[in-house]
Each structure stands twice: as structure tokens, then as C-alpha cells.
Amino acid sequence: MKTVALIFAGGMGKRMTSSSCPKQFMVIKGKPVIVHTLEKFAKSPFVDAIVVVCLSNYVGYLKNIIEEYRVNKVLSVIEGGRTGQESIFNGLSEIRRLAEGNPIVLIHDGVRPFISNETISENVKCAKKNGNAITVAQAIETIAVMEEGQTISEVYERSKCVLAKAPQTFYLQDILEVHKQAQEEGITDAVDSSSLMFKYGKKLFTVKCSGANIKITTPEDFYFARALFDMEEDKQLKKL
């Protein structure tokens, strides 16, 4: 396999206060969010295989869902760790166990179902050319630094600012080495893999995506996601 999607489905969804289950298993348009996400990668010709990192007590449940919805390309569903960083490392280690050589790995959030095949393909192309690819969206509002919860200490030029999203794409060997280095230095809760790569002096290359590539983390996101699914259905109907 030359490209593997590593899907992180380990969050508890603490900000989704109205939900009785983890956000990745909430149902939108008749399917759990995680299924919508997995299907995007399963259908992409640029992805050879999928590995999913999941909450330990939901591994069996997720395997059943994958079978029920007949999502192909999923090679393994494994338990996550205590933090997001540890969970991603577990997934990378599983890919190391399963794959020969040095595949490209697209690290993606299970609750980010609006990833397009174009963004997936551009990530793979960019990684092949430059060694990595970080999906970003152009900032459309002013970004400022706030101190002590009251005052603004710095305002950035909006045209130079982007929002880091997903997938974040690397060669397996490169991202594994950075994760191992972080562990050796006692770093266990990095925000994401691009932050680790940047910390250790790696030059990062970007792929732009639309603002629709949202991460569903709050009740407001859930309602916005339903509207985006309606928009996708309208586009498909217009093509018929």
C-alpha cells in the first residue's frame, strides 16, 4: 500500500453537551458521522487503505458499524491512548506493523466528514512533491492574541493567516520519528501532528481547502453540518 488514511475517532465530545454518545457516532442523514467520513476515503482512488483509532470501549461498536455500512479499505480498528497525540502514535505504529516500505499517511479527524476527493488528491500530490501537506483554509476574520482574558496584545495581518485543518499528510517514517522524539522529551499532548513537525524544525507545505471542511465539535457545528449535507444533496440532484 502506498497511501493510508489514519482516521482519529477517539474524542469524547465534551463540547457536544446535548449528545448522549461520542460526537463521531451521532447520526446525520441516516448515518453516523464517522461513516460519512470513512466513506469519503474509501471511495477515493488516492487512498489504498484505512486505519481507525477509536475509544477503547467503542472499538467493537465501530467494527460493527463499518460492517453494517460495508465500508471497504478499513484494515484495522485499534484503541486510542490517553491523549490525542498518543492515539495518533498508536495508529502510526499500527500502520508500521501492517505496511511495507514508507507509505504516505493522511491523518484526519473522524468528525470532519466534508473532506473532498480533490483535497485528498492534492494532499497526496503535495506530499509526494514536498514531503508533507497540511490542509488549510484562508482566515476570513481577524486573528488576535488575547492576554489575561481581557486585552488584545497582537493583531495579525489576515491575508497571511490560515486555519490548519485536516488531513495532515506525511511520509510514515518522518511523522513517526517526530512522535518518538516528542515522547523522549516528555511531550504528550501536542495539539496536532503539524505542530510537532513545526516544533522540530520541519518545513511545512500547504494545501488549501474550502471553509466547508469543518470539524463537528459543538451543537452549532452539528446543525451547520446538516445544512451542508442538504447542500451536497441539492448539488447531486441538479446533476441528474
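Please treat every number below as a calculation from the coordinates, not as lab data. In this text the structure is predicted, and so the values were computed from the model without any measurement. No Cβ is skipped: glycine too gets one built from the backbone with ideal geometry, and neighbour counts run over all protein chains shown.
Among Glu94, Glu147, Glu122, the largest mean-square fluctuation in a Gaussian network model of the chain (Cα springs under 10 Å) belongs to Glu147.
Report, in whole Å, the centroid distance computed from the Cα atoms of region 163-236 and region 61-94. The two parts, judged by their Cα centres, are 17 Å apart. Using the Kyte-Doolittle scale, find the helices of the chain whose mean hydropathy is at least 0.5 and whose Cα atoms extend 15 Å or more along the helix's long axis, counting only whole DSSP H runs. Both cut-offs are met by 33-43. Modelled this way, with points 7 Å down the Cα-to-C-beta line, the labels at Glu184 and Lys208 are 3.9 nm from one another. The residue among Val124, Gly91, Ser56 whose Cα reaches farthest toward the positive pole of the charge dipole of region 1-137, with charges on the beta-carbon of Lys, Arg, Asp and Glu, is Val124. Structural size metrics of region 21-116, computed from C-alpha coordinates, are Rg and Dmax of 12.8, 39 Å. In this structure, Arg82 and Thr151 have a Cβ-Cβ separation that, at R0 = 45 Å, corresponds to a calculated FRET efficiency of about 0.80.
Computed from the C-beta positions of Phe224 and Glu177 and an R0 of 51 Å, the FRET efficiency is 0.85 to the nearest 0.05. Annotation: amide H-H contacts under 5 Å for Tyr171 (H modelled 1.01 Å from N, sequence separation of 5 or more, or interchain): Val105. Sequence-distant contacts, meaning Cα pairs under 8 Å at least 6 residues apart, place the relative contact order of region 90-187 at 36 percent. Using a 7 Å offset from Cα along Cα-Cβ at Lys129, what residues in region 32-66 end up with backbone N under 19 Å from the label point? 46-47, by backbone N distance to the label point. For region 198-207, 3J(HN,Hα) computed residue by residue from phi via the Karplus equation (6.51, -1.76, 1.60; θ = phi - 60°) reads 5, 4, 9, x, 7, 7, 10, 10, 10, 10 Hz, glycine and proline entered as x. Distant-in-sequence amide contacts of Lys165, defined by a placed amide H-H separation under 5 Å and a gap of 5 or more residues or a different chain, comprise Thr135, Val136, Ala137.
Values of log10 I(q)/I(0) for the chain across q = 0.13 Å⁻¹ run -0.82, by the Debye formula with one identical scatterer at each alpha carbon and no solvent.
Restricting attention to region 66-208, lysine pairs at least eight places apart or on different chains and with alpha-carbon atoms under 19 angstrom apart total 19.
Placing +1 on the Cβ of every Lys and Arg and -1 on the Cβ of every Asp and Glu, with no other charges, gives region 48-89 a dipole of roughly 40 debye about its Cα centre.
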